[in-house]
Amino acid sequence: MRIVPLLAGLASAVVCVSLQAAEERPIVSEIRVEITPAAVGGAPRVSEDRVRFLLTTRVGDALDLLALADDVRALEALGPFTRIEAAQIADPGDRRRVVVVFKLVELQYIGAVRFAGLNYFQRSGLEDKIRSKPGDYLNPLVLENDRMALERYFHEEKGNLDARVTVETPTVEGIATVIFNIERGREIDVGTVRYEGLPAAVLPRTVTAALINQPNRPYQPEMVELDEQAVARTLQDLGWLDAAVGTSSRDRFDYVRPHEDRRRHGPALAPDGAFDDRVVLTFPITAGDLWYLGSVSFVGNTVASEAELRAAFALPDGAIYRRKDIEGAVEKAQRVIRNLGYARANLRIDRRPDTTEHKVHLTLHAFEGDLYTLDRVDIHGNYRTKDAVARRALRVHPGARWNEDDVDRSKRTLVNTGLFKSQPPAAPRLSPRFDDDRPGHVDLVVDLEEDSTGQFRFQVGYSSAFGVFGELGYQERNFDLFKALTFSGWRGAGHVLDLNASASEERTSTGISWTNPHLLDGPYSLSVSFNRSDSSRLDWDELRTSPSVSIGRSFLDGDLKLNLGYTYTDLQIDEVDDDATDDALVGEGDYYLNTLSLRQSYDRLDHPRLPTAGFRLSTSEAVTGGPLSSSADYYEWSAKGDAFIPLYTMALGGSIVLHLSERWQEMGAFGDTDDVPFYDRYYGGGPSPRHRGFESGRLSPYAINANALRARTGGTTDSLASAELVIPLQGENDKIRLVLFSDVGNVWGEDESVSLNDLRTAVGFGIRFPVQLPVALDFAWLLDAEEEEADNQIHFALGFFSY
């Protein structure tokens, strides 16, 4: 009963004590702000009023030490000050009053940041490693963090384990120059990596690819433990599930320079202690036994049978238990369910290891979820390209059930338009979007990044095939004819416009073509072109004018294309040389040709301009004359195949690719025409895709003509097989590439039989600069050069840029 009065008494006592304490605190009679300027003798850059605005301490209030601490923190957050102090000075006129003084020292401005002790290339990129920038305040704490960041960079990324960084900040009139003095010390790289106990079936380079400390890269000692884990993880992913890696050994070696005497008969790495600039890492491995896939069963599946899922899983019982193979098989089985409309279907894996037989048995639990119908397709990123151009490439449409294969086909057809970037992370991204307010319905979000579609070509160069030559051209793969005609723009419809003009010592030409690959947004195409050339490349002068038109139809998502074309050619022949073939000697005059052609192509390349995988097959048939009036009646057919085989993918995404191609073409006369006319026969040789071992037009059968001179007669059968190894020197496919090639082929006359013994072979190498610095340079050597044939050829071109 006495507890309540007691508590009330305690509360009253506390209130009285608090009031008494407040009454005993001195009153703030004055607030002073003393700012020491950054420049000696100069004025402060920050006004006193700006400082007072941030203060919570006020004249007339009781002194509050907590409020003073808050004021100091607020001034520190303001930024341009250091050594901030809040002092209390007793008022000499009244001991119950105090004067509060805030003392601040202005930070200096940074006028410039320099890196001493390094050359231009060594300094490149260091600005991104630090926070101190010209125009910022010189903060000592930030400066120390920058110093440590630079040391860390040279230790961990550049391999300079002895690198030291010091800082100087000379100041003139309040403007400081930050100088980072960098002593790199000795640069230490990884010399080689060894594996003790590595299974014989595993290539060392497979494991090395997973390391941070790879040969010829800066040595990062703090990452070796992670590399030990990476070695074990790589072996486990390959099927050695019990693999373990012990503590690695690290031995210092000398890299023996090529000019040193000890390099003559010794290894490139020696433990002599002269430099100690290479580290040899040795990883001890306990691999254990190889594990295999046991039985695979499915539970919880209702929309797809276990037989269907097991067939999609594909891996047989007893296959090596490789992580990537297992994940791929599960993805394929999961896709069977998702393709039926169950967009959120998931297979969860239950693993049961059998330690006796070293097998892993799998039970895949199917969680099918709801059946989904596609509602909306939202496209983002097509700022220039019309929505209709992107939508017609899609193979998914609102109202249809969700199908993952159709989504993947849509990605491929979007890339094949050539209008959007195809390499990750800029490749088309198609993602489902689920809304809980609309059960059973899903939207598709398409994120695109437009590629450069315009190309202006300006070439001046020299080729052993053409001599000095020049070319001026323009191509736009996203042209819009309607916008151009109405002066409302010129891009966005996906049309292809090509303008070109070229001139060399032997040939001048002009041309224009326009193609609509999707007439009326359908599967039909329309192409119109006009070309005019004036050439003395062969043994006569010819003026050829050729307008043409073609219509096409695409099938199988655009992979299969059929084209029907018509070309009218007006041809004038004069100035025939004495060493021309006999029918050319009497062939001066005017000719006209009407040609109908049919072309078929099947394209499964992964990129329309820079393919790295896939194949392309094409055939064509053409008839000149026949039912159409013409100066001669003859037919022609051809077949061509290309295959791109990726051999190795680099860290930046570029691929080393083997490109194999074969072309075969034949022609023959019919009706009242006895021989294929001389002006349309095959004359091989020249830059790719011709035989690079010969000058342009020099690969041909020869015969003695009526003037008793050796003459090119031209052929009616042409074959060329090529192999190219394409290596991206900068790690990306659209940068500088080295090409090693071999061309094998020949041209046979009308009365000659084709023989493998007649094939002519050339080998060589070239450089390709397709985007940044557009240079194409090929050197070819003819292996079996005959009399009057040059044994080497050079093909060179310079100058176009993309935008």
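The values are calculated or read from the model by the stated rules, or taken from the named source; none is laboratory data. Every value quoted in this text rests on a predicted model; they were computed, and no experiment measured them. Methodologically, a virtual Cβ is constructed for each residue, glycine included, from the backbone with ideal geometry; neighbour enumeration extends over all protein chains shown. These accessible areas exclude ligands, DNA and RNA; they are computed on the full protein's heavy atoms, side chains included. Shrake-Rupley method; radii C 1.70, N 1.55, O 1.52, S 1.80 Å.
General remarks:
- Answer residue from segment 430-462, given it is among the basic types (Lys, Arg) and either closer than 21 Å to Leu610 by Cα or part of a strand (DSSP E or B) (or both) and is modelled with the lowest pLDDT among those: Arg457
- Residue within segment 95-103 that is surrounded by fewer than 15 Cβ atoms within 10 Å (Cβ to Cβ) and modelled with pLDDT under 85 present: yes
- Some residue of segment 468-483 being surrounded by 20 or more Cβ atoms within 10 Å (Cβ to Cβ) and basic (Lys, Arg): yes
- Selection count where residues are open to solvent by less than 40 Å² (accessible area, probe 1.4 Å) and either touching a Cys at 6+ places or on another chain (Cβ under 8 Å) or of a type in the set (Asp, Glu) (or both), scope segment 543-576: 1
- Test: residue in segment 513-526 that is modelled with pLDDT under 90, open to solvent by less than 30 Å² (accessible area, probe 1.4 Å) and not hydrophobic (A, V, I, L, M, F, W, C): yes
- Selection over segment 381-432 of residues that are touching a Gly at 6+ places or on another chain (Cβ under 8 Å), hydrophobic (A, V, I, L, M, F, W, C) and within 20 Å of Gly369 (Cβ to Cβ) gives a count of 1.
Condition check ((1) part of a strand (DSSP E or B); (2) in contact with a helix residue (DSSP H, G or I) (Cβ under 8 Å, 6 or more places away or on another chain); (3) modelled with pLDDT of 95 or more; (4) under 23 Å from Phe615 (Cα atoms)) across all residues:
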residue: Val528; (1), (2), (3), (4): yes, no, yes, no
residue: Arg537; (1), (2), (3), (4): no, no, no, no
residue: Ser546; (1), (2), (3), (4): yes, no, yes, no
residue: Val549; (1), (2), (3), (4): yes, no, yes, no
residue: Leu562; (1), (2), (3), (4): yes, no, yes, yes
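- Qualifying residue in segment 285-307 (condition: surrounded by fewer than 17 Cβ atoms within 10 Å (Cβ to Cβ), in contact with a helix residue (DSSP H, G or I) (Cβ under 9 Å, 6 or more places away or on another chain) and acidic (Asp, Glu)): no
- If you go through segment 681-712 and keep only what is over 22 Å from Asp758 (Cβ atoms) and of a type outside the set (A, V, I, L, M, F, W, C), you end up with Pro687, Asn707.
- Top-ranked residue in segment 395-429 [being among the hydrophobic types (A, V, I, L, M, F, W, C), buried (at least 19 other Cβ atoms within 10 Å of the Cβ) and under 27 Å from Ser655 (Cβ atoms); ranked as modelled with the lowest pLDDT]: Val415
- The one condition from (1) out of contact with any helix residue (DSSP H, G or I) (no Cβ under 6 Å at 6 or more places or on another chain); (2) in a helix (DSSP H, G or I) that Val207 does not meet is (1).
- Single residue of Ser554, Ser533 found to be of a type in the set (Gly, Ala, Ser) and closer than 30 Å to Glu695 by Cβ: Ser533
- Options Thr417, Thr373, Thr363, Thr355; residue that is β-branched (Val, Ile, Thr) and under 13 Å from Leu448 (Cα atoms): Thr417
- Every residue from segment 684-706 that is at pLDDT 90 or above and open to solvent by 30 Å² or more (accessible area, probe 1.4 Å): Tyr702, Ala703, Ile704, Ala706
- Of the residues making up segment 482-519, those that are in contact (Cβ under 8 Å) with a residue 12 or more places away in the chain and more than 33 Å from the chain's Cα centre (by Cα) number 8.
- Glu476 being in a strand (DSSP E or B) and modelled with pLDDT of 90 or more: yes
- Failed condition for Thr82, given (1) open to solvent by less than 60 Å² (accessible area, probe 1.4 Å); (2) under 19 Å from Gln220 (Cα atoms): (2)
- Residue under evaluation Ser742, criteria (1) among the hydroxyl-bearing types (Ser, Thr, Tyr); (2) open to solvent by 50 Å² or more (accessible area, probe 1.4 Å); (3) over 19 Å from Tyr683 (Cα atoms), criterion not met: (2)
- Restricting Ala366, Ala390 to those that are in contact (Cβ under 8 Å) with a residue 40 or more places away in the chain, buried (at least 17 other Cβ atoms within 10 Å of the Cβ) and within 30 Å of the chain's Cα centre (by Cα) reduces the list to Ala390.
- Selection from segment 348-363 of residues that are at pLDDT 95 or above and either crowded, with 19+ Cβ neighbours inside 10 Å or of a type in the set (S, T, N, Q) (or both): Val360, Leu362, Thr363
- Residue within segment 611-622 that is among the charged types (D, E, K, R), in contact with a helix residue (DSSP H, G or I) (Cβ under 8 Å, 6 or more places away or on another chain) and farther than 23 Å from Arg395 by Cβ present: no
- Candidates Val178, Val190, Val165, Val202: the one that is without any contact (Cβ under 8 Å) to a residue 24 or more places away in the chain, open to solvent by less than 20 Å² (accessible area, probe 1.4 Å) and outside any helix (DSSP H, G or I) is Val165.
- Residue selected from segment 170-203 under the condition of a type outside the set (A, V, I, L, M, F, W, C) and within 25 Å of Pro44 (Cα to Cα), by the criterion nearest to the chain's Cα centre (by Cα): Thr177
- Within segment 712-733, residues that are farther than 12 Å from Gly684 by Cβ and open to solvent by 20 Å² or more (accessible area, probe 1.4 Å) reach partners that are of a type in the set (S, T, N, Q) and in a loop (DSSP other than H, G, I, E, B) with beta carbons closer than 6 Å, at six or more positions or on different chains, in the pairs Thr713/Thr581.
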